[in-house]
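Below you'll find the structure, written out as structure tokens, and then a few comments.
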Ligand code: SF4
């Protein structure tokens, strides 16, 4: 049977794009492969936000050459931001690639998959039938990676970005803002709920700058509209820009009951001169004002952020201001990076900070962030929390991983339930017992089929419940 293996690098935008590719492949009669060696088509959805991601993607292309040699019929495809950036030279540099698709060519990629499908045999009807059977159960046919993936759906609300931060490649490879019509977003969200998604994430590079092209409705209006969809359990969104974080949005977050209590608001630096050179369009004072407005409406929410250290021209004094900001604001999590030069961006041409200085600053910032995260996680010890199952823990597959609605990872012992039981009852009730920087561990006390349903104890009667449903 024709099958497709998709490997995704980078952000939730790429994850959403990969799900689109998977859907197009399924519609054309492919099945999803979890092993590249067994696939008819291998897709690498690439990222170029940091040098490391770029090198890894080229490394994977090299690695897949052996598959191509072993099976010349295999189609090897690269898409995503690196494909867009290097499109003129990628195929010359990696001649065993069959096709390269830029960020605006996903539809063409889907069309190519449909065209290639006939060359992989004539069992398309069987594949489609099998998919129809598997999809409601959420098994491998509607997932890129495993049986639990479909529980979380990503809905792209906007592509590109018009803000041109001086360190960022996104506007150069994904273009300016292109907001999807609200009716399309609602239709896709409705479809995801209908096929088993328990948590929807609205994704965009600057999601809160959203404007419906027809009506001018803003992101708050969109959140309200999605919240009104029948069957919605949980809703969240990434990534917000501080410039577009309005009082209206803070008020909306505080009132919609389906929203996960987590806001990701990248600050990047605690120094005004650095923010100015980054072209971030806000000052530290303005950022703190936005946070205060947010806290007034959402006092119990988790606030998370991004930070870049070692940006060109960052002095020790600039960096200490960042440390100071992180001491003052309780961030529940921070994605911290050493500045990485991106070809074609202004900051890549500026005088760079020595690598050792960047590494040392990253470590100092991580110490502050980790201390704060641990304190927040310790506050959960002894409480009973609800978390959406993620599947077997990556580090120890004999355990189960889950995420709370405020995005904390919890690990529990595998209750020994059939996989289908966990997929059908994905809300885990967990008593938190130990806290770490990365999350916590605890005891699974029950499972529920919906976020707002009472949990059934994890004991023998649970099997009867599943069998009866
Ligand atoms: S806001 Fe800045 S960092 Fe974010 S995608 Fe746009 S240009 Fe890049």
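Before moving on, here are some points about what is shown:
- Residues (loosely packed, with under 12 Cβ neighbours inside 10 Å and assigned to a loop (DSSP other than H, G, I, E, B)) located in segment 345-359: 351, 354
- Of all residues in segment 223-245 being in a loop (DSSP other than H, G, I, E, B) and within 16 Å of the ligand (Cβ to nearest atom), the one that is farthest from the chain's Cα centre (by Cα): 245
- Exclusive hit being more than 21 Å from the chain's Cα centre (by Cα) and at pLDDT 90 or above, set 27, 83, 92, 73: 73
- If you go through segment 174-212 and keep only what is within 15 Å of the ligand (Cβ to nearest atom) and crowded, with 18+ Cβ neighbours inside 10 Å, you end up with 174, 177, 179, 203, 204, 205, 206, 207, 208, 209, 210.
- For segment 295-307, taking the residues that are assigned to a loop (DSSP other than H, G, I, E, B) and in contact (Cβ under 8 Å) with a residue 12 or more places away in the chain, the one that is farthest from the ligand (Cβ to nearest atom) is identified as 300.
- If the condition is being crowded, with 21+ Cβ neighbours inside 10 Å and in a helix (DSSP H, G or I), then segment 143-162 contributes 150, 151.
- Given (1) modelled with pLDDT of 95 or more; (2) within 14 Å of the ligand (Cβ to nearest atom); (3) surrounded by fewer than 20 Cβ atoms within 10 Å (Cβ to Cβ), index of the condition residue 165 fails: (3)
- All positions within segment 263-289 that are farther than 29 Å from residue 341 by Cβ and surrounded by fewer than 23 Cβ atoms within 10 Å (Cβ to Cβ): 285, 288, 289
- Count of segment 251-294 residues, restricted to those that are farther than 26 Å from residue 364 by Cβ, part of a helix (DSSP H, G or I) and in contact with a helix residue (DSSP H, G or I) (Cβ under 9 Å, 6 or more places away or on another chain), is 7.
- Hey, residue 432 touching a residue at least 12 places away in the same chain (Cβ under 8 Å) and farther than 13 Å from residue 404 by Cβ or not: no
- Every condition in (1) more than 16 Å from the ligand (Cβ to nearest atom); (2) within 20 Å of the chain's Cα centre (by Cα) holds for residue 266 except the one numbered (1).
Results for (1) closer than 19 Å to residue 197 by Cα; (2) surrounded by fewer than 16 Cβ atoms within 10 Å (Cβ to Cβ); (3) without any contact (Cβ under 8 Å) to a residue 12 or more places away in the chain; (4) touching a strand residue (DSSP E or B) at 6+ places or on another chain (Cβ under 8 Å), shown as yes or no for each residue.
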position: 376; (1), (2), (3), (4): no, no, no, yes
position: 382; (1), (2), (3), (4): no, yes, no, yes
position: 405; (1), (2), (3), (4): yes, no, no, yes
position: 410; (1), (2), (3), (4): no, no, no, yes
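- Per the conditions (1) assigned to a loop (DSSP other than H, G, I, E, B); (2) within 11 Å of the ligand (Cβ to nearest atom); (3) over 29 Å from residue 390 (Cβ atoms), the sole criterion not satisfied by residue 215 is (2).
- Wholly enclosed strands (runs of 3 or more DSSP E) of segment 360-468 bearing at least 1 residues outside the structural domain of residue 199 (by TED's automatic domain parsing) and touching a helix residue (DSSP H, G or I) at 6+ places or on another chain (Cβ under 7 Å): 384-392, 427-435, 439-448
- Within segment 182-212, the set of residues being outside any loop (DSSP other than H, G, I, E, B) and in contact (Cβ under 8 Å) with a residue 60 or more places away in the chain comprises 199, 201, 203.
- Look at (1) at pLDDT 95 or above; (2) buried (at least 20 other Cβ atoms within 10 Å of the Cβ); (3) part of a loop (DSSP other than H, G, I, E, B) and you find that residue 342 fails only one, number (1).
The values are calculated or read from the model by the stated rules, or taken from the named source; none is laboratory data. Since we're looking at a predicted model, the values are computed, not measured. Cβ coordinates were reconstructed from backbone atoms using ideal geometry, including for glycine residues, and neighbour counts include every protein chain displayed.
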